[in-house]
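See below for the structure under consideration.
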Amino acid sequence: MGSIAIEPIREDHVESFRQALDIVARERKYLIFLEAPSVEQMRAFVLDNIAAGHPHRVAVAGGEVVGWCDIRRLARDAQAHCGVLGMGVIPGYRDRGLGRKLILSALEAAKHAGLRRVELHAHADNTRAIALYEKVGFLHEGIARDAVRIDGRYIDSVLMAKIFD
């Protein structure tokens with residue numbers, strides 16, 4: 001697999017990050033994206049994450065983003081202690097501990113950013129991701145039935161959260 005660096009996202013990662021997100025989205029199994037947003041939308045998202053101090057880590061191999069984990073703080077004052085996690089790893093880099101390294105790095109940054117709660121939604125049939133989230137301390141909070149529809153198939157969404165003490 002070679003050397004893989006886990007690092008905060010930078011503007012020069014935008015196109016590679018978009019490509020990685022697009023690869024995972026087009027699998028139509030793990031994300032609510034079915035394809036990546038435009039480069040301009042991705043640039044705006046990344047620059048906002050950087051400017052706002054939202055934890056956003058990328059795994060970089062050979063100069064290309066092969067995985068990511070971002071945690072976006074909620075906008076309302078009463079929920080500003082909460083963040084929502086999104087992540088993905090492209091095929092060929094899965095099942096090697098990379099997701100765990102990404103999420104642990106992003107969670108540490110979230111703690112330092114003053115977040116108390118990090119939540120996420122996982123497709124109920126994504127047992128590999130759910131197992132990872134459980135291993136790093138996320139607890140199940142509920143099920144949103146038929147919350148996602150991909151190619152005419154409805155999928156339940158599992159709400160999980162981790163609270164920093």
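Here V84 passes the criteria (1) in contact (Cβ under 8 Å) with a residue 40 or more places away in the chain; (2) open to solvent by less than 60 Å² (accessible area, probe 1.4 Å) except the one numbered (1). So which residues in the range 75-116 are modelled with pLDDT of 95 or more, in a loop (DSSP other than H, G, I, E, B), closer than 26 Å to L34 by Cα and of a type in the set (A, V, I, L, M, F, W, C)? Once the filter is applied, which keeps residues that are modelled with pLDDT of 95 or more, in a loop (DSSP other than H, G, I, E, B), closer than 26 Å to L34 by Cα and of a type in the set (A, V, I, L, M, F, W, C), the range 75-116 yields only I90. The set of residues in the range 106-137 being crowded, with 17+ Cβ neighbours inside 10 Å and either within 18 Å of A52 (Cβ to Cβ) or charged (D, E, K, R) (or both) consists of A106, L107, A109, A110, L115, V118, E119. Considered as a group, the residues in the range 21-63 that are among the acidic types (D, E) and either open to solvent by 40 Å² or more (accessible area, probe 1.4 Å) or assigned to a loop (DSSP other than H, G, I, E, B) (or both) include one that is farthest from M87 (Cα to Cα), and that residue is E40.
The values are calculated or read from the model by the stated rules, or taken from the named source; none is laboratory data. Just so we're clear, the structure is a prediction, and the values are computed from it rather than from any experiment. Cβ sites come from the backbone with ideal geometry, for glycine too, and all protein chains shown count toward neighbours. In case anyone asks, the SASA skips ligands and DNA or RNA and just uses the protein heavy atoms, side chains included. Shrake-Rupley method; radii C 1.70, N 1.55, O 1.52, S 1.80 Å.
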